[in-house]
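Below: the structure, in structure tokens.
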Amino acid sequence: MKLTKEQKKTVSKELAKTLKGSSSIFFTQYQGLKFVEIDELRKQLRPTKAKYKVVRNTTLAHALK
């Protein structure tokens, strides 16, 4: 499902808010991982209150501005 321009702006603003409130940020390459492997990683991160989120590079670039 394609996002409208306004939806993209909203997602970018929410991501920027999350990034500002984070004490640490890690960038990973998820290519080659299967869905069940990513899901397992998210389950392991949950107790530490960490999140694993996949976002487009352009969305991240706008959020970092």
Starting from the Kirkwood radius over alpha-carbon pairs of the chain, derive D by Stokes-Einstein at 37 °C in a medium of 0.692 mPa s and give it in µm² s⁻¹.
-> 246 µm²/s
Using a 1.4 Å probe, what is the accessible area per residue for the chain, in Å²?
-> 98 Å²
Compute the acute angle (0 to 90°) between the alpha-carbon long axis of helix 35-45 and the principal axis of greatest extent of the alpha-carbon atoms of the chain; round to the nearest 10°.
-> 90 degrees
Counting each DSSP H run of 4 or more residues in the chain as -39500 (n - 2.57), what helix-only mean residue ellipticity at 222 nm follows after dividing by all residues, to the nearest 500 deg cm²/dmol?
-> -16500 deg cm²/dmol
Carbon and sulfur together cover what percent of the accessible area of the chain at a 1.4 Å probe radius?
-> 55 percent
For the chain, find the longest principal axis of its Cα atoms and tell me its angle to the long axis of helix 5-20, 0 to 90°, nearest 10.
-> 60 degrees
Beyond 25 Å between alpha-carbons counts as too far, so tell me which of Lys2/Lys53; Lys5/Lys53; Lys13/Lys34; Lys9/Lys43; Lys13/Lys49 fall in that bin.
-> Lys13/Lys34; Lys9/Lys43
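The values are calculated or read from the model by the stated rules, or taken from the named source; none is laboratory data. Bear in mind the structure is a predicted one, so any value in this text is a computation, not a measurement. Only protein heavy atoms, including side chains, enter the accessible area calculation; ligands, DNA and RNA are left aside. Shrake-Rupley method; radii C 1.70, N 1.55, O 1.52, S 1.80 Å.
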